[in-house]
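Chemist: I have a structure I would like to understand better, so I am pasting it below and will then ask my questions one at a time.
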Amino acid sequence: SYRAMNEAAQLLQNKVDYPIFIQGDLPKHELLARFREAGNAILLGTSSFWEGVDVRGDSLSCVIIDKLPFAAPNDPVLRARGQLLEQQGRNAFMEHQVPQAVITLKQGAGRLIRDITDSGVLMLCDPRLVNKGYGKIFLGSLPPMPKTRELGDIKKFFDRQHALAKTQETA
């Protein structure tokens with residue numbers, strides 16, 4: 001949501017040494033251009049911002065998704081489809097909402113790896129991934145990748161990436 005995005009922006013202000021770009025401050029194409037040019041920067045956006053985002057290489061090394069991308073429960077199309085499925089004796093949540101959210105999550109995760117040489121960290125912050133049965137469906141839908149809940153593992157990953165980049169610079 002925009003509220004969560006703006007709260008994140010406020011929390012990060014004056015606490016990080018990177019430029020922060022926020023959806024809505026500039027037109028999308030200009031925001032993405034500035035983000036790419038900056039190199040090490042933070043780009044904050046809502047789920048609607050994912051579509052059409054193509055940032056290759058080192059400019060994008062971490063995608064953080066704060067919550068599973070379920071459609072808003074008051075969406076009229078979602079409600080109508082849900083009612084139809086329920087009338088048929090089916091489980092609208094598991095048969096429609098979860099699969100749609102899985103597709104959206106995969107699209108969001110796909111922003112991170114655009115080329116064969118891309119790498120990075122996908123951080124999923126929603127506790128439902130581990131405390132709800134359907135969380136396994138979301139995790140199982142993602143490409144094979146190491147999983148961790150340890151910050152030290154993430155630091156090691158970025159240290160290796162930084163060392164590799166330095167090696168490539170001197171070669």
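The values are calculated or read from the model by the stated rules, or taken from the named source; none is laboratory data. These figures come from a predicted structure and were not determined experimentally. All Cβ positions, glycine included, derive from the backbone under ideal geometry; neighbour counts span all protein chains shown. All accessible areas refer to the heavy atoms of the entire protein, side chains included, with ligands and DNA or RNA removed. Shrake-Rupley method; radii C 1.70, N 1.55, O 1.52, S 1.80 Å.
Chemist: Send over a whole-number figure in Å² for the accessible area per residue of the stretch 1-70, probe 1.4 Å. Don't skip to the answer; put the middle values down first.
Modeler: Working: 4400 Å² over 70 residues.
Per-residue accessible area for the stretch 1-70 comes out at 63 Å².
Chemist: Measure up Lys106/Lys147; Lys15/Lys155; Lys28/Lys156; Lys106/Lys166; Lys106/Lys132 against 22 Å on the Cα-Cα distance and list the ones that go over.
Modeler: Lys28/Lys156; Lys106/Lys166
Chemist: For the stretch 72-145, report the accessible area per residue in Å² (1.4 Å probe, heavy atoms, rounded to an integer).
Modeler: 63 Å²
Chemist: At 1.4 Å probe size, with the rest of the protein present, what percent of the exposed accessible area of the chain is carbon and sulfur atoms? Numbers along the way, then the final one.
Modeler: Numbers: 6230 of 11630 Å².
Roughly 54 percent, rounded to a whole number.
Chemist: Using 0.36 nm per residue, how much length does the chain from Lys106 to Glu37 gain when fully extended, once their Cα-Cα distance is taken away? List each step's numbers first, then the result.
Modeler: Values: separation 69, 0.36 × 69 = 24.84 nm, distance 2.60 nm.
That pair, Lys106 and Glu37, stretches by 22.2 nm at full extension.
Chemist: Let me ask you something else. Relative contact order of the stretch 98-171, please, whole-number percent, based on alpha carbon pairs below 8 angstrom and at least 6 residues apart.
Modeler: 24 percent
Chemist: Could you tell me the relative contact order of the stretch 38-171? Use alpha-carbon pairs under 8 Å, at least six residues apart, and round to a whole percent. Please report the intermediate quantities before stating the final value.
Modeler: Numbers: 110 pairs, mean separation 38.9, N = 134.
29 percent.
Chemist: Quick one, which of (i) 17.1; (ii) 16.0; (iii) 18.1 is the actual Kirkwood radius over Cα pairs in Å calculated for this model?
Modeler: Only one option fits the structure, namely (iii).
Chemist: If packing is taken as the mean number of other Cβ atoms within 10 Å per residue, what is the order of 54-65, 137-148, highest first?
Modeler: 54-65, 137-148
Chemist: Non-local amide H neighbours of Phe21 (under 5 Å, H modeled in plane, Pro and chain starts lacking H): which ones?
Modeler: The answer is Ile42, Leu43, Leu44.
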